[in-house]
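To start, the structure itself, in structure tokens.
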Amino acid sequence: MRHIVWFIFLSILLGCSPVERPADQLPIVNFDDPDVNRILSFQDKRLTDSLIIYFQSASPNHRYLAAKAFASVQDKKAIPGLLRLLKDNNAQIRSISAFSLGQIGDPSAENGLTQAFEKNDSIQDIMLVNKEVLEALGKCGSEQSMKYIAAARNYGPEDIPLVQGQTRSLYRFGLREMTDSLGTLRMVDILSDPRFDSNSRLFAANYLYRFRNLDLSLHVGDLIKTYVNEGDEQIKLFLAVVLGRLNTDSALNQLLGDLESDSDPSLKCNIIRGLEGYPYERV
């Protein structure tokens with residue numbers, strides 16, 4: 001049965017075609033509503049059982065606020081109720097429930113999150129649900145989840161929420177010491193293509209910068225070219241350090257040239273950090 005669920009998840013992951021539509025806005029924090037005040041008080045006092053009661057409220061706003069509370073309370077007792085909210089008829093409640101499950105970070109939520117990934121993501125609010133599901137899986141999913149997400153290459157620059165979900169998911173997996181060569185390839189591809197949104201590219205750059213166990217030997221040319229042409233200052237700062245780990249003459253020469261000619265002190269500092277990876281006599 002588990003293999004069937006994964007097959008369905010992979011099929012959905014590789015078959016999305018988004019079109020945007022505005023979503024209704026939640027939450028509505030109305031302090032004249034006594035239930036809103038109760039929910040916020042229960043959250044502050046970490047009263048899990050009292051919060052869970054609101055998962056069944058007739059008010060979407062109350063369900064949303066109760067689900068959101070567990071992003072900070074992070075009590076495993078809320079997982080069954082949050083998994084049920086992944087089937088709520090309100091997409092924003094599904095989205096915040098996925099986020100809270102990710103914050104709790106327990107592996108028992110993985111199967112429910114996988115099933116919550118929606119195939120019919122032809123409208124914006126469902127795309128946002130899938131974005132949160134992907135990132136949540138990065139916080140609690142298995143290596144199998146990571147490999148499926150890393151293999152998804154059909155999201156283009158126009159699919160912003162899905163690409164953001166994928167890059168954040170792979171980054172979250174990396175924080176849990178789970179990386180994959182296909183994931184690294186996907187991050188390099190996104191980083192190297194300026195048509196992708198800046199947020200996704202920044203996560204990709206930080207992924208390459210932060211995780212030192214990555215094999216970047218197949219991506220030297222792409223990374224140097226991206227570094228040279230990069231217009232985003234923060235991304236370029238990350239790439240200066242990444243180039244220092246490539247341990248190639250071409251990367252070394254590029255860094256030494258920029259150390260001499262570039263006037264940005266922040267970039268110079270990161271170039272020096274990058275050069276730490278080369279033998280002293282070469283730099």
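The values are calculated or read from the model by the stated rules, or taken from the named source; none is laboratory data. Just so it is clear, the model here is predicted, and its values are computed rather than measured. Using ideal geometry, Cβ is built from the backbone for each residue, glycine included, and neighbour counts are taken over all protein chains shown.
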Picked from the stretch 73-83 (must be touching a helix residue (DSSP H, G or I) at 6+ places or on another chain (Cβ under 7 Å) and assigned to a helix (DSSP H, G or I)), the residue farthest from Phe42 (Cα to Cα) is Leu83
Residue count, the stretch 171-188, condition of a type in the set (S, T, N, Q) and not in a helix (DSSP H, G or I), comes to 1
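Within the stretch 157-183, restricting attention to residues that are among the acidic types (Asp, Glu) and surrounded by 18 or more Cβ atoms within 10 Å (Cβ to Cβ), which residue is farthest from Lys147 (Cα to Cα)?
Asp159
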With criteria (1) surrounded by 15 or more Cβ atoms within 10 Å (Cβ to Cβ); (2) under 19 Å from the mean Cα position of the chain (by Cα), Val220 comes up short on (2)
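Would you be able to say whether some residue in the stretch 91-106 is part of a loop (DSSP other than H, G, I, E, B), under 21 Å from Thr48 (Cβ atoms), touching a Cys at 6+ places or on another chain (Cβ under 7 Å) and not β-branched (Val, Ile, Thr)?
Within the stretch 91-106, one or more residues are part of a loop (DSSP other than H, G, I, E, B), under 21 Å from Thr48 (Cβ atoms), touching a Cys at 6+ places or on another chain (Cβ under 7 Å) and not β-branched (Val, Ile, Thr).
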When restricted to Gly141, Gly112, the only residue at pLDDT 95 or above, buried (at least 24 other Cβ atoms within 10 Å of the Cβ) and either polar (S, T, N, Q) or over 21 Å from Val188 (Cβ atoms) (or both) is Gly141
So, first residue within 17 Å of Ser200 (Cβ to Cβ) in the stretch 226-241, second residue in a helix (DSSP H, G or I) and among the aromatic types (Phe, Trp, Tyr), Cβ within less than 8 Å, six or more apart or across chains; the pairs are Lys236/Tyr227; Phe238/Tyr209; Leu239/Tyr209; Leu239/Tyr227
Over the stretch 186-201, the set of residues among the aliphatic types (A, V, I, L, M) and more than 20 Å from Arg176 (Cβ to Cβ) is Val188, Ile190, Leu191
By residue number, the members of the stretch 22-58 that are in a helix (DSSP H, G or I) and loosely packed, with under 14 Cβ neighbours inside 10 Å are Pro34, Asn37, Ser41, Asp44, Lys45, Asp49, Gln56
When Ala91 is run through (1) of a type outside the set (S, T, N, Q); (2) at pLDDT 95 or above; (3) closer than 18 Å to Gln115 by Cα, the failure sits at (2)
Only one of Arg186, Arg210 is surrounded by fewer than 17 Cβ atoms within 10 Å (Cβ to Cβ) and farther than 22 Å from Leu259 by Cβ, namely Arg210
Of the listed residues (Leu134, Leu128), the one being modelled with pLDDT under 95 and touching a Ser or Thr at 6+ places or on another chain (Cβ under 6 Å) is Leu128
In the stretch 122-150, anything more than 15 Å from the chain's Cα centre (by Cα) and either part of a helix (DSSP H, G or I) or closer than 17 Å to Thr167 by Cβ (or both) is listed as Gln124, Asp125, Ile126, Glu143, Gln144
Based on this model, can you work out whether Asn61 counts as farther than 17 Å from Leu134 by Cα, in a helix (DSSP H, G or I), modelled with pLDDT of 95 or more and touching a helix residue (DSSP H, G or I) at 6+ places or on another chain (Cβ under 9 Å)? yes
Taking first residues from the stretch 160-186 that are within 15 Å of Glu143 (Cα to Cα) and second residues anywhere that are aliphatic (A, V, I, L, M) and not in a helix (DSSP H, G or I), the pairs with Cβ under 6 Å that are 6 or more apart or on different chains are Thr184/Leu214
